Amino acid sequence: MKLIFKNFFLKFIIIFFIINNTHSLADNHNIYEVIEQIQKDIKTLEKAVYSSAVTLSENNQENLINSSNNNSEDVLTRHLLKLTEIENQFQQLTNKFEEINFKLDKLSNRMSKVQADNQIRFQDLENLAAGDETKKKLTKKDKKNEDILPGSSQPQDLGSISYKDTETSNEKQQTQSIDTTSTIVTETFVTDEKILPNETPEKQYEFATSFLKVGDYSTAEKALREFVVSHPEHDLAGNAQYWYAETFRIRQLYTDAASAYLEGYQKYPKGEKAPINLLKLGVSMVQIGEKDQGCKMINGVEKQYPKANQSVIQKAKYESQKFECKNKNS
C-alpha cells in the first residue's frame, strides 16, 4: 500500500511540473509530443505499480495458506494423539472384560461341578432309602411273629401306638401359635440291647448321627431314640429328637414322623431345631391328611419363631404356598 501511494504522489508531481513548465516546453518541443510521452510513462508506471501490488497480494495469500497449513497440521496432530489415547483406553477395557469373562467361566464350571456332585449325593441317599425299604419288606415275610421294630410299623393315625409291647401315657399338646391338635402318645422305649457306646453324651450323639451319614436309618432311629431316653435334659436332646423324626420322614413313614416331630415340639420348644421341627411337623400333618392342622403349624413358624433362620422362614412360606394354606390368625 505504501508503494502505491508513493507512485500516485509521483504522478501528481509530474503533472504539476508539466503544467508549470508548459510555456518553456512549447518553445523547445511540440507540446503534444511531450504529453504523449508522459502518458506512456504513466502507463508504464501503472503497470509496474500493478505488478508490485499483484506480487504483494500473492505473497500475502501464500503466507495465509502456509499459516493455514500449519494450523491444520497442528489440529491433525492433536487429533491423532487423542485417538491414540482413546485406543489405549479401549485396549485396557478390553483386557479387563476378557479377565472378568474368564473368571465367570471358571465360576460357572465350579457351580456345575457342585451341582453335579450334589445331584449324585442326593441320588445315593434316595437309592439307600429305597434299598432299605426293599430289605425291610423282604424281611417282614420271614418275621411275622417277631416284635415290630421302631419305624417299621405301617402308617396309622397320629396319636396311636406305633410299636408293640410298649407302655404309654397320654399328654395334651398346648401351643401358643396353633390350636390343640390331638392327644398324642409318649412312648416308653424298650430295648434288649444297648447301641450307644459307654462314652460321654457328646460322643454318643456323634455316634448316633453317624448312621445317618451312611444311610443306615434303622440303626440311626434306635441309637437316637436311646440317646433321647438316656439324656432327656441334655442340650443335644432336642437335636437328637429331631433327627430321630427325620429317620421316619426319609423312609416316607409320615405318621411315625409326625408323632416324633410332635413329641420333639412339645418337649423341646426352645431347642435349636425347634423352628424346623415345627415346620416338618406341619408338613407331615398335611401329608397324612390333616391339612388344616398342618397349615396352622406351617403358618405358625414365623409367628412363634420370628428370630429363626431366614432359610427356615422362607421354607415355611414356600410350603404354605405349595399346600395352598390360607394364612389366618389362629
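FYI, it's all coordinate maths here, none of it is from the lab. Note that the structure is a prediction, hence the values are computed from the model and not measured. Neighbour counts are summed over all protein chains in view; Cβ atoms, including those assigned to glycine, are modelled from backbone coordinates with ideal geometry.
Starting from 0.36 nm per residue, how many nanometres of slack lie between ILE38 and ASN309 once their C-alpha separation is accounted for?
Numbers: separation 271, 0.36 × 271 = 97.56 nm, distance 11.98 nm.
Gain on stretching ILE38 to ASN309: 85.6 nm.
Can you tell me the order of 258-270, 286-298, 98-110, 310-322 when each peptide is scored by its average per-residue count of other Cβ atoms within 10 angstrom, highest first? Intermediate results must be reported in sequence, preceding the final value.
Values: 258-270: 22.8, 286-298: 20.2, 98-110: 9.8, 310-322: 15.1.
Output ranking for 258-270, 286-298, 98-110, 310-322: 258-270, 286-298, 310-322, 98-110.
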Computed over region 248-330, the distribution of all Cα-Cα distances in 5 Å bins, rounded to whole %, is 3, 17, 28, 26, 19, 5, 0
Surpassing 31 Å at the alpha-carbon level, of the pairs LYS203/LYS280; LYS213/LYS326; LYS222/LYS270; LYS222/LYS326; LYS113/LYS194, are LYS213/LYS326; LYS222/LYS326; LYS113/LYS194
Rounded to whole angstroms and listed largest first, the alpha-carbon spread of region 69-109 along its three principal axes comes to 59, 7, 5
Rounded to 0.05, the calculated FRET efficiency for the beta carbons of ASN118 and VAL214 at R₀ = 25 Å is 0.90
Computed over the Cα atoms of region 254-302, the Rg and Dmax in Å are 9.7, 28
